[in-house]
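Encoded as structure tokens, the structure appears first; notes follow it.
The values are calculated or read from the model by the stated rules, or taken from the named source; none is laboratory data. Since the model is a prediction, treat every value here as computed from it, not as a measurement. Reconstructed Cβ throughout: ideal geometry from the backbone, glycine too, with neighbour counts over all protein chains shown.
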Amino acid sequence: MKFDIIVIGGGLVGTSLVAALMHSGLKIALIEPHEIAPIPQDNSWDSRIYAISPGSAAFLQKIGAWSLIDAERLSPVYEMSVHGDDNAACVNFSAYETGVAELAFIAENRQLQMAVWDTLKSAGENIHVLCPAKCVAISWHASCVDVQLSDGNALQAALIVGADGVNSWIRQQAGITASRHTYQQIGVVANFSTELPHRHIAYQWFQRDGVLALLPLPDKRVSMVWSVPETYAEEIRKLPPEQLCERVEKASSYTLGRLQLTTAPMGFPLNFVHVRDLIKSRVVLIGDAAHGIHPLAGQGVNLGLRDARELAEVLGSRSAQQDCGDFMLLRRYELARKEDILALELVTDGLQKLFNNSNPTLARIRNLGLQITNRIPLLKNRLMQHALH
């Protein structure tokens with residue numbers, strides 16, 4: 001089977017790229033090794049949530065996915081309140097002051113995933129979805145790439161897109177170098193109902209043993225992302241629900257009153273991954289295959305969606321005679337994305353190291369930095385404008 005593009009990885013970013021190119025006339029194969037689980041019918045809430053920027057929401061709207069999400073499962077963020085570890089330093093961001101309708105939308109992973117997959121139901125014959133299907137071998141040639149699947153099928157394309165996650169098999173097969181280090185932290189996620197209304201404010205506390213975020217869900221519910229050392233993560237995940245609630249209430253200074261656990265806590269390891277090259281001959285990386293950052297800024301998924309958006313624009317704007325795998329064409333994508341990726345890598349990695357340090361001098365500096373930032377509207381707006389894209 002011959003294609004223009006083969007996308008490896010049917011997560012949110014890979015699938016959104018295919019949806020964005022659905023009407024481009026390109027023949028595309030999407031390969032995903034796992035069955036896509038349907039949304040449960042019991043109205044339960046997904047513990048894994050994302051803060052979707054307005055720019056990402058506009059992209060998802062453009063490809064037809066945003067309108068497929070149940071509006072009752074989305075929660076806009078109108079304000080952000082970020083606290084230091086001295087119980088005094090704080091910086092507040094406001095959609096009104098920034099001049100936008102909202103700072104972000106909080107959405108569940110599975111709602112987003114299914115919405116993007118559902119857009120492919122209206123795809124024409126140029127889109128082929130192979131799921132579940134697993135790549136077992138790949139070989140590069142001057143004018144094409146051959147892909148072998150575990151079921152014996154063979155595919156060929158002018159371009160391979162690696163959207164297969166932080167431990168990308170495509171990245172390894174292409175010989176693209178990635179430097180990484182572990183934060184020795186676990187991101188513990190869970191949902192709670194709250195005693196007090198959250199008023200669509202996203203809260204974050206930088207603490208000496210981690211970063212706690214409480215993000216607004218519809219009604220009086222919040223989603224927690226607590227990035228803590230591995231040993232502490234194991235401890236809090238084993239706590240009875242009442243004790244876990246008490247621990248989170250105390251860590252959040254009882255801002256939302258008493259909490260009640262509504263979903264069991266889950267954990268995922270936190271790593272920093274820097275990929276030296278986003279492209280190589282007839283291969284391009286997007287999403288977590290192209291970068292891995294700390295979740296303290298809530299920008300990981302938006303970074304990936306910006307990858308998909310940019311790559312779709314580059315591929316869609318090529319001349320009719322231009323090869324999808326042309327190196328100079330792919331170079332346009334790499335040049336367009338590198339600055340954005342590097343900036344977020346430096347900011348998130350730097351903040352994690354700054355706050356994950358017991359040096360009293362650094363403690364004064366970081367909390368003073370929050371206070372100064374809060375007093376300079378121009379600086380706050382510059383910070384927010386980047387996050388809104």
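If a residue has to be within 22 Å of residue 331 (Cα to Cα) and part of a helix (DSSP H, G or I) to count, how many in region 291-315 make the cut?
Here is the first cut: in region 291-315, the residues within 22 Å of residue 331 (Cα to Cα) are 291-292, 302-315.
From the residues that got through so far, the ones that are part of a helix (DSSP H, G or I) too are 302-315.
Final tally of qualifying residues: 14.
Any residue at all in region 56-71 that's acidic (Asp, Glu), on the phi < 0 side of the Ramachandran plot and touching a Ser or Thr at 6+ places or on another chain (Cβ under 8 Å)?
Of region 56-71, the ones acidic (Asp, Glu) are 70.
When the remaining residues are screened for being on the phi < 0 side of the Ramachandran plot, the result is 70.
With touching a Ser or Thr at 6+ places or on another chain (Cβ under 8 Å) added as a condition, the list becomes none.
Scanning region 56-71 turns up no residue that is acidic (Asp, Glu), on the phi < 0 side of the Ramachandran plot and touching a Ser or Thr at 6+ places or on another chain (Cβ under 8 Å).
Quick check on residue 381: is it of a type in the set (S, T, N, Q), over 27 Å from residue 270 (Cβ atoms) and touching a helix residue (DSSP H, G or I) at 6+ places or on another chain (Cβ under 9 Å)? Working first, answer last.
Numbers: of a type in the set (S, T, N, Q): yes; over 27 Å from residue 270 (Cβ atoms): yes; touching a helix residue (DSSP H, G or I) at 6+ places or on another chain (Cβ under 9 Å): yes.
So residue 381 fits the description; yes.
Residue-wise test of (1) of a type in the set (A, V, I, L, M); (2) closer than 25 Å to residue 381 by Cβ; (3) within 22 Å of the chain's Cα centre (by Cα).
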{"site": "26", "(1), (2), (3)": "yes, no, no"}
{"site": "41", "(1), (2), (3)": "no, no, no"}
{"site": "50", "(1), (2), (3)": "no, yes, yes"}
{"site": "99", "(1), (2), (3)": "no, yes, no"}
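What's the number of the condition residue 87 fails, among (1) in a loop (DSSP other than H, G, I, E, B); (2) of a type in the set (S, T, N, Q); (3) touching a Leu at 6+ places or on another chain (Cβ under 8 Å)?
(3)
Suppose the filter is on the phi > 0 side of the Ramachandran plot and in contact (Cβ under 8 Å) with a residue 60 or more places away in the chain; does residue 316 pass it? Steps first, please.
Values: on the phi > 0 side of the Ramachandran plot: no; in contact (Cβ under 8 Å) with a residue 60 or more places away in the chain: yes.
Against the criterion (on the phi > 0 side of the Ramachandran plot and in contact (Cβ under 8 Å) with a residue 60 or more places away in the chain), residue 316 does not qualify.
Is it the case that region 334-343 has a residue that's under 24 Å from residue 86 (Cα atoms), surrounded by 17 or more Cβ atoms within 10 Å (Cβ to Cβ) and either touching a residue at least 24 places away in the same chain (Cβ under 8 Å) or more than 23 Å from the chain's Cα centre (by Cα) (or both)? Reasoning before the result, please.
Restricting attention to region 334-343, the residues satisfying the condition of being under 24 Å from residue 86 (Cα atoms) are none.
Within region 334-343, none of the residues are under 24 Å from residue 86 (Cα atoms), surrounded by 17 or more Cβ atoms within 10 Å (Cβ to Cβ) and either touching a residue at least 24 places away in the same chain (Cβ under 8 Å) or more than 23 Å from the chain's Cα centre (by Cα) (or both).
Hey, among 189, 161, which residue is within 23 Å of the chain's Cα centre (by Cα) and under 21 Å from residue 286 (Cα atoms)? Break it down into steps so the answer makes sense when it comes.
Values: 189 fails: under 21 Å from residue 286 (Cα atoms).
Only one candidate passes the filter, namely 161.
Is there a residue being of a type in the set (Gly, Ala, Ser) and at pLDDT 95 or above anywhere in region 317-333? It would help to see each step written out before you state the result.
Initial filter on region 317-333 (of a type in the set (Gly, Ala, Ser)): 317, 319-320, 325.
With the extra rule that they be at pLDDT 95 or above, the set shrinks to none.
Checking region 317-333: not a single residue is of a type in the set (Gly, Ala, Ser) and at pLDDT 95 or above.
For region 119-168, which residues satisfy the criterion of being touching a residue at least 60 places away in the same chain (Cβ under 8 Å), part of a loop (DSSP other than H, G, I, E, B) and surrounded by 13 or more Cβ atoms within 10 Å (Cβ to Cβ)?
Answer for region 119-168, where residues must be touching a residue at least 60 places away in the same chain (Cβ under 8 Å), part of a loop (DSSP other than H, G, I, E, B) and surrounded by 13 or more Cβ atoms within 10 Å (Cβ to Cβ): 123, 126, 131, 132, 133, 134, 144, 163, 164, 165, 166, 168.
Does at least one position in region 201-210 carry a residue that is in contact with a Lys or Arg (Cβ under 6 Å, 6 or more places away or on another chain) and crowded, with 19+ Cβ neighbours inside 10 Å? Steps first, please.
Narrowing region 201-210 to residues in contact with a Lys or Arg (Cβ under 6 Å, 6 or more places away or on another chain): none.
No, that holds for no residue.
Could you check region 248-294 and list, in sequence order, the residues that are free of Cβ contacts under 8 Å to residues at least 24 places away in the same chain, surrounded by fewer than 17 Cβ atoms within 10 Å (Cβ to Cβ) and not aromatic (Phe, Trp, Tyr)? Lay out the reasoning, then the answer.
At the first step, the residues of region 248-294 found to be free of Cβ contacts under 8 Å to residues at least 24 places away in the same chain are 249-250, 254.
Within this subset, residues satisfying the condition of being surrounded by fewer than 17 Cβ atoms within 10 Å (Cβ to Cβ) are 250, 254.
Hit for region 248-294 is 250, nothing else.
Would you mind finding the one in 60, 68, 30 that is over 23 Å from residue 164 (Cβ atoms) and either in contact (Cβ under 8 Å) with a residue 40 or more places away in the chain or buried (at least 19 other Cβ atoms within 10 Å of the Cβ) (or both)?
Working: 60 fails: over 23 Å from residue 164 (Cβ atoms); 30 fails: over 23 Å from residue 164 (Cβ atoms).
Only one candidate qualifies: 68.
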